[in-house]
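Here the structure is laid out as structure tokens; the discussion comes afterwards.
Every number here is computed from the coordinates shown, using simple stated rules; none is lab data. Owing to the predicted nature of the structure, the values given are computational and were not obtained by experimental measurement. In this analysis, Cβ positions are derived from the backbone assuming ideal geometry, glycine residues included, and neighbour counts consider all displayed protein chains.
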Amino acid sequence: MRLPHPARLLLAALAVSLSAPSIGQEAEPAPPSPQVVKSREEVTIPFAPPLDTPQAYRLRFERKFASSTNAIELEQRLTFAKIDGGYALTIEQLAINSGDRRLDLSDRRALDAVPPGLRVYLLPVVVELDSAGEMVRLRDWPTLQESLRAFPEAAAGFSGKPVNEGAVAAMRTVLEPFINSTAEEAPRLLIRGWPAMLGYGGSIFTAGETLASDVEVPTPFSPTPIPAVSQGSVSRTPDAHISLVQTTVFDPEVIHKLTLGVIDRMRSRGALKGPLQPADAILGLELTDEIAITFDPVTGLPISGRTTRLANVTTPDGPQGGGEITTITRIAP
């Protein structure tokens with residue numbers, strides 16, 4: 001689940017607040033004496049990545065379930081090049097860590113051991129960015145589309161067991177929206193972690209000031225996006241880095257209606273029996289959508305970042321749901 005960039009949402013809210021007159025205002029007040037003016041720092045998030053200079057990162061993906069957590073870590077190398085209107089970003093996979101197992105992709109023998117049908121997903125990809133750093137297009141998209149079409153059979157054969165045609169068909173169904181997407185939609189769907197971390201260049205904030213904007217958030221519990229409020233602020237860290245924090249706040253009444261809808265669907269499938277009290281329904285669903293990024297004040301690249309997207313349902317039969325927490329950390333050269 002990906003929200004519009006908070007920087008743009010908050011800038012829109014700021015523009016409204018600056019243009020709206022105060023209620024009952026009759027005349028322009030006299031400016032305060034210089035002795036009592038307390039300046040507030042204006043912070044601009046830059047985007048000037050070093051060109052042709054590899055930047056290494058570690059990305060950790062924690063998949064949360066009701067009673068367990070699965071985690072995998074990727075080590076990646078990012079390299080930026082200048083193009084008309086923005087940048088070309090090359091993302092290379094360096095290593096995959098899962099539990100106590102590590103696949104070092106810098107070792108050609110390790111990459112050669114991966115079946116060709118899966119190897120394409122470990123090769124470098126190039127994404128075009130606009131001048132603010134937002135991903136706008138995935139290069140070589142037709143080639144990747146063909147790889148996605150062949151992926152179910154390739155994945156089924158990877159285990160060495162007889163192919164489960166039902167599982168292959170289910171995987172094709174899951175991949176269909178990705179395969180049918182455009183090159184412009186592909187980065188948001190296929191690039192993990194980075195779409196939420198880039199695209200803030202040029203955004204201007206007043207340090208410490210919390211701004212809010214109305215947004216709509218897609219969730220697996222509703223066929224249409226639900227209304228929410230995005231609240232965000234920027235501050236300086238003690239070491240002069242730029243810290244951006246965004247939290248999405250959901251209306252309790254909306255949560256209540258979503259909860260009742262979830263319960264009705266579960267009851268229709270026979271997963272729930274008996275009456276349910278309204279108070280239980282109100283407390284039954286919790287949505288969390290948070291982003292926190294620390295930017296380099298010179299390049300505008302993330303030093304660290306964390307996105308938390310969780311949807312937890314509490315029912316009489318116990319907790320259900322889950323989500324993902326993504327953490328990125330820059331690796332010092």
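Please report the net charge: other residues with Cβ closer than 10 Å to the Cβ of Arg102, K and R +1, D and E -1.
Net of charged neighbours comes to -3.
Lys and Arg at +1, Asp and Glu at -1: add these up for the other residues within a Cβ distance under 14 Å of Asp239 and post the number.
Residues near Asp239 contribute +1 overall.
Between Ala167 and Ala332, how many nm apart are label points set 7 Å from Cα along the C-beta direction?
Going from the Ala167 label point to the Ala332 one covers 4.4 nm.
Using amide H atoms built in the peptide plane, which far-off residues or other-chain residues are under 5 Å from Leu301 H to H?
Amide H neighbours of Leu301, under 5 Å, 5+ apart: Ala48, Asp296.
Considering only the other residues whose Cβ falls under 15 Å of the Cβ of Glu165, what net charge follows from Lys and Arg at +1 and Asp and Glu at -1?
With Lys, Arg at +1 and Asp, Glu at -1, the neighbours total +1.
Could you give the nm distance between label points at Glu153 and Ala88, where each point is 7 Å from its Cα heading toward the beta carbon?
3.2 nm
Once amide H atoms are placed 1.01 Å from N in the peptide plane, what residues at a sequence separation of 5 or more from Glu134, or on another chain, have their amide H within under 5 Å of its amide H?
Gly199
What are the aspartates and glutamates whose alpha-carbon lies under 12 Å from the alpha-carbon of Lys82, with same-chain residues fewer than 8 places away excluded?
Partners found: Asp52, Glu128, Asp130.
Under a Cβ-only charge scheme (Lys and Arg +1, Asp and Glu -1), can you give me the dipole magnitude of segment 37-77 about the Cα centre, in debye to the nearest 20?
Dipole about the Cα centre, nearest 20: 220 debye.
Taking H placed 1.01 Å from N in the peptide plane, check which residues at least 5 places from Val215 or on another chain put their amide H under 5 Å from its amide H.
Ala228, Val229, Ser230
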